[in-house]
Amino acid sequence: MAQERREMVEQLKFYGITNLRVLDAFMTVKRHLFVDEQSRPYAYDDCAWPIGYGQTISQPFTVAFMTSLLVERRPSGRVLEIGTGSGYQSAILDALGYQVFTIERVPGLFEMAGRALDELGVPVARRLGDGTLGWPEEAPFDGIIVTAAAPDQPSTLLSQLADGGVMVVPVGDLASQEMTVIRRVGSRFEHEVFQRFAFVPLCGREGWPESN
Ligand code: SAM
């Protein structure tokens with residue numbers, strides 16, 4: 001699968017991903033180990049694949065885009081991911097040298113991702129629950145990546161950002177969301193807005209109702 005991985009990285013470059021550390025991480029992490037048997041031959045295509053429970057592993061470009069936004073603003077430290085899903089984004093963050101914390105709300109995915117990460121020996125702290133509430137015992141975080149569609153800026157998560165910390169979060173309606181970067185500067189929050197994506201909903205107390 002190394003050749004497929006190289007081709008995926010070439011495609012990411014073609015789509016405008018330039019950060020060499022990010023491209024290196026995509027070359028290192030074996031994405032095919034985070035999808036099921038059926039999707040495995042296509043694991044390196046630039047597509048989102050179903051991972052069960054109505055959820056998806058995000059397409060490589062999306063993961064690379066969000067990761068670049070974080071790496072270029074906060075290159076090291078402790079990062080909280082909301083929406084473990086397959087575990088792939090966690091493994092990419094670990095390959096970049098971050099200390100990774102991740103929260104998933106679906107028990108079946110929490111277990112599946114845990115198995116994949118354990119088999120690969122990726123040391124990620126994992127929690128089952130509503131990620132919109134963050135992980136107060138481990139806060140503050142240098143970075144927070146939300147890998148599901150938020151209806152608004154998640155305020156509890158923002159309160160768990162360190163000074164100078166950066167959150168990357170898709171904010172919008174259920175059809176599409178603007179990729180948003182929020183940096184904490186003392187008691188202020190600075191915003192940058194990027195292109196639109198389509199994520200599965202962030203469900204929970206500060207997200208969409210559980211029925212979505
Ligand atoms: N980062 C994942 C990966 O690398 O495979 C992809 C994430 S998938 C697009 C979004 C995930 O967010 C789903 O697994 C979903 O169950 C999870 N999710 C949605 N709302 C959540 C919440 N409030 N807390 C934690 N996880 C949540």
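Some observations on this one:
- Test for residue 129: is it in contact with a Leu (Cβ under 6 Å, 6 or more places away or on another chain) and within 9 Å of the ligand (Cβ to nearest atom): no
- Against the test of being over 15 Å from residue 66 (Cβ atoms) and open to solvent by less than 50 Å² (accessible area, probe 1.4 Å), the options 135, 208 yield a single qualifying residue, 135.
- Cβ-Cβ under 9 Å pairs, at least 6 apart or on other chains, the range 172-183 side hydroxyl-bearing (Ser, Thr, Tyr), far side open to solvent by 70 Å² or more (accessible area, probe 1.4 Å) and not in a strand (DSSP E or B): 176/198; 180/153
- Among the conditions (1) at pLDDT 95 or above; (2) β-branched (Val, Ile, Thr); (3) within 23 Å of residue 181 (Cα to Cα), residue 56 misses just one, which is (1).
- From the list 85, 77, the lone residue that is touching a residue at least 40 places away in the same chain (Cβ under 8 Å) and crowded, with 22+ Cβ neighbours inside 10 Å is 85.
- Residue 141 vs. criteria of a type in the set (Phe, Trp, Tyr), under 15 Å from the mean Cα position of the chain (by Cα) and modelled with pLDDT of 95 or more: yes
- For the range 81-110, the set of residues classified as part of a strand (DSSP E or B), near the ligand (Cβ under 6 Å from one of its atoms) and among the β-branched types (Val, Ile, Thr) consists of 82, 103, listed by residue number.
- Here residue 135 passes the criteria (1) touching a residue at least 40 places away in the same chain (Cβ under 8 Å); (2) more than 17 Å from residue 77 (Cα to Cα); (3) over 14 Å from the mean Cα position of the chain (by Cα); (4) within 14 Å of the ligand (Cβ to nearest atom) except the one numbered (2).
- Cβ-Cβ under 9 Å pairs, at least 6 apart or on other chains, the range 40-65 side closer than 18 Å to residue 15 by Cβ and charged (D, E, K, R), far side open to solvent by 30 Å² or more (accessible area, probe 1.4 Å) and within 12 Å of the ligand (Cβ to nearest atom): 45/59; 46/59
- Residue match in the range 40-54 (condition: away from the ligand (no atom under 16 Å from the Cβ) and either outside any helix (DSSP H, G or I) or not polar (S, T, N, Q) (or both)): yes
- The set of residues from the range 55-80 being away from the ligand (no atom under 12 Å from the Cβ), farther than 19 Å from residue 140 by Cα and of a type in the set (Gly, Ala, Ser) comprises just one member, 68.
- Hits in the range 148-174 (condition: open to solvent by 20 Å² or more (accessible area, probe 1.4 Å) and within 17 Å of residue 92 (Cβ to Cβ)): none
- Any hit, the range 99-121, residues being β-branched (Val, Ile, Thr), surrounded by fewer than 18 Cβ atoms within 10 Å (Cβ to Cβ) and either at pLDDT 95 or above or closer than 20 Å to residue 57 by Cα (or both): no
The values are calculated or read from the model by the stated rules, or taken from the named source; none is laboratory data. These numbers come from a predicted model, not from an experiment. Counting neighbours? That spans all protein chains shown, and the Cβs are built from the backbone with ideal geometry, glycine included. The protein model used for the area step is the full one, side chains on, heavy atoms only, and it has no ligands, DNA or RNA in it. Shrake-Rupley method; radii C 1.70, N 1.55, O 1.52, S 1.80 Å.
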